[in-house]
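*Asks:* Before anything else, here's the structure in question.
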Amino acid sequence: MTPNTPIYIIEEARLRRNLQLIADVARQADVEIILAFKAFALWKTFPIFREYIRSTTASSLSEARLAFEEFGERAHTYSPAYTDAEFDDIVRCSSHLTFNSLSQYERFHRMVGQGVSIGLRINPEYSEVGTALYNPCAPGTRFGVTSDKLPLQLPNDIEGFHCHCHCESGADVLERTLVHIEAKFARWFPQLKWLNLGGGHLMTRRDYDVSHLIYILKGLHDRYPWLKIILEPGSAFAWQTGPLVSHVVDVVEDKGIQTAILDVSFTCHMPDCLEMPYYPDVRFATHIEPANYQLSVANCQFLYRLGGNSCLSGDFMGFWQFDHELQVGEEVIFEDMIHYTTVKTNTFNGISHPAIGMLHEDGTLEILRQFGYEDYRSRMD
(Lines give C-alpha, C1' and ligand atoms only; values in the text may rest on other atoms or scores of the structure.)
Protein backbone atom coordinates (compact mmCIF):
# COMPACT_ATOMS: atom_id res chain seq x y z
CA MET A 1 0.00 0.00 0.00
CA THR A 2 1.51 3.33 -1.08
CA PRO A 3 0.97 6.48 0.99
CA ASN A 4 -1.48 9.14 -0.17
CA THR A 5 1.32 11.33 -1.46
CA PRO A 6 3.42 11.35 -4.62
CA ILE A 7 6.41 9.05 -4.13
CA TYR A 8 9.37 7.62 -5.98
CA ILE A 9 9.63 3.92 -5.10
CA ILE A 10 12.96 2.12 -5.56
CA GLU A 11 12.46 -1.63 -5.74
CA GLU A 12 15.33 -3.39 -3.99
CA ALA A 13 14.99 -6.62 -5.98
CA ARG A 14 15.28 -4.78 -9.30
CA LEU A 15 18.18 -2.68 -8.04
CA ARG A 16 20.08 -5.79 -6.94
CA ARG A 17 19.38 -7.44 -10.29
CA ASN A 18 21.07 -4.52 -12.08
CA LEU A 19 23.96 -4.42 -9.63
CA GLN A 20 24.59 -8.14 -10.04
CA LEU A 21 24.64 -7.87 -13.83
CA ILE A 22 27.04 -4.92 -13.68
CA ALA A 23 29.30 -6.75 -11.22
CA ASP A 24 29.33 -9.81 -13.50
CA VAL A 25 30.33 -7.70 -16.52
CA ALA A 26 33.12 -6.05 -14.53
CA ARG A 27 34.45 -9.43 -13.42
CA GLN A 28 34.24 -11.17 -16.79
CA ALA A 29 35.70 -8.24 -18.75
CA ASP A 30 38.29 -7.35 -16.07
CA VAL A 31 37.19 -3.70 -15.91
CA GLU A 32 36.00 -1.39 -13.15
CA ILE A 33 32.42 -0.12 -13.40
CA ILE A 34 31.54 2.73 -11.06
CA LEU A 35 28.37 4.67 -10.27
CA ALA A 36 27.89 8.13 -11.79
CA PHE A 37 26.08 10.33 -9.28
CA LYS A 38 24.71 12.57 -12.04
CA ALA A 39 22.09 9.88 -12.69
CA PHE A 40 21.57 8.45 -9.21
CA ALA A 41 22.76 9.76 -5.85
CA LEU A 42 20.35 8.43 -3.22
CA TRP A 43 22.91 7.82 -0.52
CA LYS A 44 20.64 5.80 1.73
CA THR A 45 20.93 3.01 -0.83
CA PHE A 46 24.75 3.05 -0.77
CA PRO A 47 25.04 0.10 1.67
CA ILE A 48 23.46 -2.04 -1.06
CA PHE A 49 25.75 -0.61 -3.75
CA ARG A 50 28.86 -1.32 -1.69
CA GLU A 51 28.06 -5.03 -1.87
CA TYR A 52 28.69 -4.90 -5.64
CA ILE A 53 30.96 -1.95 -6.55
CA ARG A 54 33.89 -0.11 -4.98
CA SER A 55 33.86 3.40 -6.42
CA THR A 56 31.77 6.28 -7.74
CA THR A 57 32.23 9.22 -10.05
CA ALA A 58 31.61 12.89 -9.24
CA SER A 59 31.36 16.11 -11.24
CA SER A 60 31.21 18.68 -8.45
CA LEU A 61 32.41 19.27 -4.91
CA SER A 62 29.06 18.16 -3.48
CA GLU A 63 29.17 14.88 -5.41
CA ALA A 64 32.80 14.32 -4.42
CA ARG A 65 31.93 14.86 -0.77
CA LEU A 66 29.01 12.47 -1.10
CA ALA A 67 31.38 9.82 -2.42
CA PHE A 68 33.92 10.39 0.34
CA GLU A 69 31.58 10.94 3.28
CA GLU A 70 28.62 8.68 2.45
CA PHE A 71 29.89 6.04 0.02
CA GLY A 72 33.11 5.75 1.98
CA GLU A 73 35.59 5.99 -0.91
CA ARG A 74 37.21 8.87 -2.71
CA ALA A 75 35.64 9.71 -6.09
CA HIS A 76 36.75 9.59 -9.70
CA THR A 77 36.14 13.30 -10.29
CA TYR A 78 35.70 15.25 -13.50
CA SER A 79 34.40 18.79 -13.91
CA PRO A 80 34.23 21.04 -16.98
CA ALA A 81 35.99 23.69 -14.87
CA TYR A 82 37.37 23.61 -11.33
CA THR A 83 37.37 26.77 -9.21
CA ASP A 84 39.95 28.11 -6.80
CA ALA A 85 37.48 28.15 -3.92
CA GLU A 86 36.62 24.44 -4.21
CA PHE A 87 39.69 22.78 -5.67
CA ASP A 88 41.50 21.78 -2.47
CA ASP A 89 38.36 20.15 -1.07
CA ILE A 90 37.73 18.33 -4.36
CA VAL A 91 41.27 16.93 -4.28
CA ARG A 92 40.77 15.77 -0.70
CA CYS A 93 37.70 13.77 -1.76
CA SER A 94 39.13 12.34 -5.00
CA SER A 95 41.22 9.33 -5.99
CA HIS A 96 41.21 10.27 -9.68
CA LEU A 97 40.91 13.82 -11.00
CA THR A 98 40.32 14.55 -14.67
CA PHE A 99 40.90 17.96 -16.24
CA ASN A 100 38.67 19.12 -19.08
CA SER A 101 41.29 21.28 -20.80
CA LEU A 102 45.03 21.81 -20.96
CA SER A 103 44.56 25.29 -19.50
CA GLN A 104 42.79 23.84 -16.44
CA TYR A 105 45.57 21.29 -16.13
CA GLU A 106 48.25 24.00 -16.22
CA ARG A 107 46.41 26.07 -13.66
CA PHE A 108 45.75 23.37 -11.07
CA HIS A 109 47.88 20.25 -11.53
CA ARG A 110 50.63 21.33 -9.13
CA MET A 111 48.00 21.53 -6.37
CA VAL A 112 46.93 17.91 -6.72
CA GLY A 113 49.67 16.23 -4.70
CA GLN A 114 50.44 12.56 -4.23
CA GLY A 115 47.83 9.83 -4.07
CA VAL A 116 45.54 11.30 -6.72
CA SER A 117 45.77 10.07 -10.32
CA ILE A 118 45.49 12.86 -12.88
CA GLY A 119 43.61 12.43 -16.16
CA LEU A 120 42.65 14.49 -19.17
CA ARG A 121 39.30 14.43 -20.94
CA ILE A 122 39.60 13.78 -24.65
CA ASN A 123 37.17 14.51 -27.47
CA PRO A 124 37.18 11.88 -30.25
CA GLU A 125 34.95 14.14 -32.36
CA TYR A 126 32.52 11.27 -32.79
CA SER A 127 29.24 10.53 -31.09
CA GLU A 128 26.04 8.79 -32.11
CA VAL A 129 23.92 10.66 -29.53
CA GLY A 130 20.98 11.93 -31.54
CA THR A 131 19.65 14.57 -29.12
CA ALA A 132 21.76 17.72 -29.37
CA LEU A 133 21.18 18.57 -25.70
CA TYR A 134 23.06 15.40 -24.70
CA ASN A 135 25.73 15.24 -27.42
CA PRO A 136 29.13 16.00 -25.82
CA CYS A 137 31.02 15.85 -29.13
CA ALA A 138 28.92 18.28 -31.16
CA PRO A 139 30.86 21.02 -32.98
CA GLY A 140 31.73 23.79 -30.55
CA THR A 141 31.51 21.49 -27.53
CA ARG A 142 33.06 22.70 -24.29
CA PHE A 143 34.06 19.13 -23.34
CA GLY A 144 37.50 17.65 -23.79
CA VAL A 145 40.69 18.09 -25.79
CA THR A 146 40.97 17.08 -29.45
CA SER A 147 43.99 15.09 -30.59
CA ASP A 148 45.48 17.97 -32.60
CA LYS A 149 45.91 19.98 -29.39
CA LEU A 150 47.92 17.37 -27.47
CA PRO A 151 51.74 17.38 -27.32
CA LEU A 152 53.45 14.20 -28.54
CA GLN A 153 54.84 13.69 -25.04
CA LEU A 154 52.27 14.11 -22.30
CA PRO A 155 53.24 15.74 -19.00
CA ASN A 156 54.62 13.10 -16.63
CA ASP A 157 51.78 13.39 -14.12
CA ILE A 158 48.97 12.68 -16.62
CA GLU A 159 48.11 9.02 -16.08
CA GLY A 160 44.79 8.58 -17.85
CA PHE A 161 42.35 9.65 -20.53
CA HIS A 162 38.64 10.12 -19.91
CA CYS A 163 36.15 10.01 -22.78
CA HIS A 164 32.38 10.34 -22.54
CA CYS A 165 30.31 10.31 -25.73
CA HIS A 166 27.39 7.90 -25.15
CA CYS A 167 23.81 8.24 -23.91
CA GLU A 168 21.77 5.09 -23.18
CA SER A 169 23.76 3.44 -25.98
CA GLY A 170 24.32 -0.17 -26.99
CA ALA A 171 27.51 -2.21 -27.20
CA ASP A 172 27.58 -1.72 -30.98
CA VAL A 173 27.87 2.04 -30.46
CA LEU A 174 30.83 1.55 -28.12
CA GLU A 175 32.48 -0.68 -30.71
CA ARG A 176 32.17 1.96 -33.42
CA THR A 177 33.26 4.73 -31.06
CA LEU A 178 36.41 2.87 -30.04
CA VAL A 179 37.52 2.89 -33.66
CA HIS A 180 37.60 6.70 -33.54
CA ILE A 181 39.13 6.89 -30.06
CA GLU A 182 41.96 4.55 -31.00
CA ALA A 183 42.57 6.17 -34.38
CA LYS A 184 42.99 9.59 -32.79
CA PHE A 185 44.49 8.83 -29.37
CA ALA A 186 46.11 5.36 -29.26
CA ARG A 187 49.52 6.90 -29.94
CA TRP A 188 49.42 8.26 -26.36
CA PHE A 189 48.17 5.03 -24.69
CA PRO A 190 51.72 3.77 -23.92
CA GLN A 191 52.14 6.85 -21.71
CA LEU A 192 48.98 6.09 -19.68
CA LYS A 193 47.82 3.82 -16.87
CA TRP A 194 44.04 4.01 -17.34
CA LEU A 195 41.30 4.76 -19.84
CA ASN A 196 37.86 5.86 -18.63
CA LEU A 197 35.16 5.25 -21.26
CA GLY A 198 32.58 7.34 -19.41
CA GLY A 199 28.90 6.62 -19.09
CA GLY A 200 25.91 5.95 -21.29
CA HIS A 201 26.52 2.18 -21.49
CA LEU A 202 22.99 0.92 -20.85
CA MET A 203 23.98 -2.68 -20.15
CA THR A 204 20.95 -3.42 -17.95
CA ARG A 205 18.46 -2.67 -20.73
CA ARG A 206 16.64 -5.83 -21.75
CA ASP A 207 17.84 -5.81 -25.38
CA TYR A 208 21.44 -4.83 -24.60
CA ASP A 209 24.03 -7.28 -25.95
CA VAL A 210 26.00 -7.89 -22.76
CA SER A 211 28.08 -10.69 -24.29
CA HIS A 212 29.23 -8.37 -27.06
CA LEU A 213 30.16 -5.69 -24.53
CA ILE A 214 32.36 -8.19 -22.69
CA TYR A 215 33.90 -9.27 -26.01
CA ILE A 216 34.68 -5.64 -26.92
CA LEU A 217 36.26 -4.89 -23.55
CA LYS A 218 38.36 -8.06 -23.63
CA GLY A 219 39.60 -7.08 -27.08
CA LEU A 220 40.54 -3.66 -25.77
CA HIS A 221 42.50 -5.35 -22.98
CA ASP A 222 44.29 -7.56 -25.49
CA ARG A 223 45.41 -4.54 -27.49
CA TYR A 224 46.48 -2.45 -24.48
CA PRO A 225 47.04 -4.87 -21.57
CA TRP A 226 48.67 -2.23 -19.34
CA LEU A 227 45.58 0.02 -19.35
CA LYS A 228 43.01 -0.22 -16.58
CA ILE A 229 39.60 0.21 -18.23
CA ILE A 230 36.91 2.11 -16.35
CA LEU A 231 33.23 2.60 -17.18
CA GLU A 232 30.99 4.97 -15.24
CA PRO A 233 27.34 4.52 -16.25
CA GLY A 234 24.54 6.14 -14.32
CA SER A 235 21.26 5.05 -15.85
CA ALA A 236 22.35 1.40 -16.07
CA PHE A 237 22.41 1.09 -12.28
CA ALA A 238 18.89 2.45 -11.73
CA TRP A 239 17.29 1.39 -15.02
CA GLN A 240 13.76 0.02 -14.53
CA THR A 241 14.15 -0.03 -10.73
CA GLY A 242 10.90 1.68 -9.82
CA PRO A 243 8.10 4.13 -10.57
CA LEU A 244 6.86 7.56 -9.59
CA VAL A 245 3.40 7.18 -8.08
CA SER A 246 1.14 10.22 -8.50
CA HIS A 247 -2.55 10.93 -7.89
CA VAL A 248 -5.33 12.65 -9.82
CA VAL A 249 -6.35 15.88 -8.11
CA ASP A 250 -8.77 17.21 -10.75
CA VAL A 251 -10.04 16.65 -14.29
CA VAL A 252 -10.70 19.69 -16.47
CA GLU A 253 -11.96 20.04 -20.07
CA ASP A 254 -11.35 22.61 -22.78
CA LYS A 255 -12.13 22.37 -26.50
CA GLY A 256 -12.80 18.66 -26.16
CA ILE A 257 -9.49 17.95 -24.40
CA GLN A 258 -9.76 16.38 -20.97
CA THR A 259 -6.73 16.97 -18.76
CA ALA A 260 -6.12 15.00 -15.61
CA ILE A 261 -4.19 17.28 -13.26
CA LEU A 262 -1.81 15.31 -11.05
CA ASP A 263 -0.07 16.04 -7.75
CA VAL A 264 3.29 15.90 -9.52
CA SER A 265 4.88 18.10 -12.17
CA PHE A 266 6.73 17.15 -15.34
CA THR A 267 8.88 20.27 -15.23
CA CYS A 268 9.67 19.75 -11.52
CA HIS A 269 9.80 15.97 -11.12
CA MET A 270 10.28 14.47 -14.60
CA PRO A 271 12.36 17.12 -16.40
CA ASP A 272 13.91 14.73 -18.94
CA CYS A 273 10.44 14.10 -20.35
CA LEU A 274 10.44 17.73 -21.50
CA GLU A 275 14.17 18.07 -22.18
CA MET A 276 14.80 14.95 -24.26
CA PRO A 277 11.83 14.89 -24.91
CA TYR A 278 10.30 11.46 -24.45
CA TYR A 279 7.02 9.91 -23.35
CA PRO A 280 7.21 7.84 -20.17
CA ASP A 281 5.33 4.58 -19.77
CA VAL A 282 2.17 4.95 -17.72
CA ARG A 283 0.87 1.84 -16.01
CA PHE A 284 -2.51 0.62 -17.31
CA ALA A 285 -2.61 3.30 -20.01
CA THR A 286 -1.81 3.51 -23.73
CA HIS A 287 -0.05 6.51 -25.21
CA ILE A 288 -1.83 8.14 -28.16
CA GLU A 289 0.33 10.09 -30.61
CA PRO A 290 -0.71 13.78 -30.85
CA ALA A 291 -1.25 13.47 -34.61
CA ASN A 292 -3.85 10.78 -33.94
CA TYR A 293 -5.61 12.61 -31.13
CA GLN A 294 -8.52 14.08 -33.07
CA LEU A 295 -9.21 10.70 -34.66
CA SER A 296 -8.87 8.94 -31.32
CA VAL A 297 -11.06 11.32 -29.35
CA ALA A 298 -13.98 10.49 -31.60
CA ASN A 299 -13.51 6.77 -31.21
CA CYS A 300 -11.95 6.21 -27.81
CA GLN A 301 -13.31 6.57 -24.34
CA PHE A 302 -11.30 7.66 -21.33
CA LEU A 303 -8.72 9.69 -23.23
CA TYR A 304 -6.81 12.20 -21.11
CA ARG A 305 -3.91 14.57 -21.34
CA LEU A 306 -1.79 14.34 -18.19
CA GLY A 307 -1.00 17.69 -16.61
CA GLY A 308 1.34 18.76 -13.85
CA ASN A 309 0.32 20.84 -10.86
CA SER A 310 2.45 23.90 -11.63
CA CYS A 311 1.74 27.24 -13.28
CA LEU A 312 3.89 26.46 -16.35
CA SER A 313 1.51 26.30 -19.32
CA GLY A 314 3.51 23.52 -20.95
CA ASP A 315 3.62 21.33 -17.85
CA PHE A 316 1.76 18.44 -19.44
CA MET A 317 2.68 15.22 -21.20
CA GLY A 318 0.86 13.73 -24.15
CA PHE A 319 -2.44 11.92 -24.43
CA TRP A 320 -3.23 8.63 -22.74
CA GLN A 321 -6.11 6.21 -23.00
CA PHE A 322 -7.14 4.48 -19.79
CA ASP A 323 -9.59 1.60 -19.40
CA HIS A 324 -11.90 3.58 -17.14
CA GLU A 325 -12.91 7.11 -16.20
CA LEU A 326 -10.28 8.67 -13.99
CA GLN A 327 -11.42 9.68 -10.52
CA VAL A 328 -9.95 12.26 -8.17
CA GLY A 329 -7.64 10.54 -5.71
CA GLU A 330 -6.71 7.51 -7.80
CA GLU A 331 -3.11 6.64 -8.67
CA VAL A 332 -1.39 7.36 -11.98
CA ILE A 333 1.92 5.48 -12.05
CA PHE A 334 4.88 6.52 -14.21
CA GLU A 335 7.25 3.61 -14.80
CA ASP A 336 11.06 3.74 -14.67
CA MET A 337 11.39 7.06 -12.87
CA ILE A 338 14.40 6.50 -10.61
CA HIS A 339 17.37 7.47 -12.81
CA TYR A 340 17.85 11.13 -13.77
CA THR A 341 14.83 12.23 -11.71
CA THR A 342 15.61 12.81 -8.04
CA VAL A 343 18.98 14.32 -9.03
CA LYS A 344 17.34 16.83 -11.38
CA THR A 345 14.12 17.74 -9.61
CA ASN A 346 13.34 21.25 -8.43
CA THR A 347 10.78 23.07 -6.33
CA PHE A 348 9.60 25.59 -8.94
CA ASN A 349 6.33 27.15 -7.81
CA GLY A 350 6.88 25.68 -4.36
CA ILE A 351 5.63 22.32 -5.64
CA SER A 352 6.44 19.73 -3.00
CA HIS A 353 9.03 17.13 -3.89
CA PRO A 354 7.66 13.56 -3.96
CA ALA A 355 8.64 11.33 -1.10
CA ILE A 356 11.31 8.68 -1.70
CA GLY A 357 10.72 5.08 -0.65
CA MET A 358 12.41 1.70 -0.85
CA LEU A 359 10.33 -1.40 -1.55
CA HIS A 360 12.36 -4.13 0.15
CA GLU A 361 12.58 -7.69 -1.05
CA ASP A 362 10.30 -8.82 1.77
CA GLY A 363 7.53 -6.53 0.49
CA THR A 364 7.81 -3.80 3.11
CA LEU A 365 7.89 -0.18 1.97
CA GLU A 366 10.38 2.00 3.85
CA ILE A 367 10.00 5.77 3.51
CA LEU A 368 13.54 7.05 3.07
CA ARG A 369 12.67 10.75 2.87
CA GLN A 370 9.71 13.08 2.89
CA PHE A 371 9.79 16.75 1.95
CA GLY A 372 7.92 19.82 3.12
CA TYR A 373 7.90 23.57 3.43
CA GLU A 374 11.24 23.78 5.24
CA ASP A 375 13.00 22.12 2.28
CA TYR A 376 11.60 24.78 -0.05
CA ARG A 377 12.32 27.61 2.39
CA SER A 378 15.91 26.53 3.02
CA ARG A 379 16.74 26.79 -0.68
CA MET A 380 15.69 30.46 -0.61
CA ASP A 381 17.63 31.23 2.60
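*Asks:* Mind putting a number on the dipole of the chain about its Cα centre? Charges go on the C-beta only, +1 for Lys and Arg and -1 for Asp and Glu, and I need it in Debye to the nearest 20.
*Replies:* In total the dipole reaches around 1300 debye.
*Asks:* Equivalent ellipsoid semi-axes for region 251-381, as square roots of 5 times the alpha carbon gyration tensor eigenvalues: give them largest first, rounded to whole Å.
*Replies:* Working from the Cα gyration tensor, I get semi-axes of 28, 18, 14 Å.
*Asks:* Okay, moving on. Give me the net charge for the shell around Ser246: Cβ to Cβ below 9 angstrom, other residues only, Lys and Arg +1, Asp and Glu -1.
*Replies:* Its environment carries a net charge of -2.
*Asks:* Could you point to the residue in Ala36, Ser62, Tyr78 farthest towards the positive end of region 19-89's charge dipole, with +1 and -1 charges on the Cβ of Lys/Arg and Asp/Glu respectively?
*Replies:* Farthest towards the positive pole: Ala36.
*Asks:* Using +1 at the Cβ of each Lys and Arg and -1 at the Cβ of each Asp and Glu in the chain, identify which of Phe302, Ser94, Val332 lies farthest towards the dipole's positive end.
*Replies:* Result: Ser94.
*Asks:* Determine how large the accessible area of Lys44 is when every protein chain is in place; take a 1.4 Å probe and give Å² rounded to the nearest 10.
*Replies:* 100
*Asks:* Right, something else. Over region 157-199, consider all pairs of different Cα atoms and compute the Kirkwood hydrodynamic radius from their mean reciprocal separation; express it in Å, one decimal.
*Replies:* Details: mean 1/r = 0.0900 Å⁻¹.
The answer is 11.1 Å.
*Asks:* Can I ask one more? Which order do peptides 142-148, 196-202, 97-103 fall in by mean Cβ count within 10 Å, highest first?
*Replies:* Ranking, from highest mean packing down: 196-202, 97-103, 142-148.
*Asks:* Let me ask you something else. Please report the carbon-and-sulfur percent of the accessible area for region 77-119; probe 1.4 Å, protein heavy atoms only, DNA, RNA and ligands left out.
*Replies:* 50
*Asks:* Next up: How much of Ser117 can a 1.4 Å solvent probe reach, expressed as accessible area in Å² and rounded to 10?
*Replies:* Surface accessible to solvent at Ser117 totals approximately 10 Å².
*Asks:* Convert 37 °C to kelvin, take the viscosity as 0.692 mPa s, use the Kirkwood radius over C-alpha pairs of region 306-367 as Rh, and evaluate the Stokes-Einstein diffusion coefficient in µm²/s, rounded to a whole number.
*Replies:* 225
*Asks:* In nm, what is the difference between 0.36 nm times the number of residues separating Ser95 and His109 and their Cα-Cα distance? Intermediate values should be presented prior to the final figure.
*Replies:* Numbers: separation 14, 0.36 × 14 = 5.04 nm, distance 1.39 nm.
Separation in residues times 0.36 nm, less the Cα-Cα distance, equals 3.6 nm.
*Asks:* Of all accessible surface on region 294-362 at a 1.4 Å probe, what whole percent is carbon and sulfur? List each step's numbers first, then the result.
*Replies:* Details: 1630 of 3250 Å².
So the carbon and sulfur contribution to the accessible surface is 50 percent.
*Asks:* Using the Cα atoms of region 42-154, I'd like the radius of gyration and the largest Cα-Cα distance, Dmax, both in angstrom.
*Replies:* 15.5, 45
*Asks:* Here is a further query. Rounded to the nearest 500, what is the chain's calculated 222 nm mean residue ellipticity when only DSSP H runs of at least 4 contribute -39500 (n - 2.57) each, over all residues?
*Replies:* Mean residue ellipticity, 222 nm, calculated: -7000 deg cm²/dmol.
*Asks:* With a sphere of radius 13 Å drawn around the Cβ of Thr56, what net charge do the other residues whose Cβ falls strictly inside it have (Lys, Arg +1; Asp, Glu -1)?
*Replies:* -1
*Asks:* Here's a follow-up. Quick one: what are the phi-derived ³J(HN,Hα) couplings along region 194-200, Karplus 6.51/-1.76/1.60 with θ = phi - 60°, whole Hz, x for glycine and proline?
*Replies:* So the Karplus estimates, Gly and Pro as x, are 8, 9, 9, 8, x, x, x Hz.
*Asks:* For region 134-220, restrict the atom set to alpha-carbon positions and state the Rg and Dmax in Å.
*Replies:* In order Rg, Dmax, the Cα atoms of region 134-220 give 14.0, 43 Å.
*Asks:* If I take every Cα pair under 8 Å that is 6 or more residues apart in the chain, average their sequence separation and divide by the length, what percent do I get for the relative contact order?
*Replies:* 19
*Asks:* Choose one of Phe185, Leu202, Leu19: the residue whose Cα lies farthest towards the positive end of the charge dipole of the chain (beta-carbon charges +1 Lys, Arg; -1 Asp, Glu; about the Cα centre).
*Replies:* Going by the charge dipole, the pick is Phe185.
*Asks:* Can you give the local net charge around Asp30? Use residues other than it whose beta-carbon is closer than 13 angstrom to its beta-carbon, Lys and Arg +1, Asp and Glu -1.
*Replies:* Value of the local net charge: 0.
*Asks:* How big, on average over all directions, is the shadow cast by the Cα convex hull of the chain, in nm²?
*Replies:* Averaged projected area of the chain's Cα convex hull equals 20.7 nm².
*Asks:* Right, next: Where nothing but the Cβ of Lys and Arg (+1) and of Asp and Glu (-1) is charged, how large is the charge dipole of region 69-139 around its Cα centre, in debye to the nearest 20?
*Replies:* With Lys and Arg at +1 and Asp and Glu at -1, about 240 debye.
The values are calculated or read from the model by the stated rules, or taken from the named source; none is laboratory data. All figures in this text were calculated on a predicted structure; none of them were measured in a lab. With ideal geometry, Cβ positions are generated from the backbone for all residues, glycine too; neighbour counts draw on all protein chains shown. The area values use the complete protein model at the heavy-atom level, side chains included, leaving out ligands, DNA and RNA. Shrake-Rupley method; radii C 1.70, N 1.55, O 1.52, S 1.80 Å.
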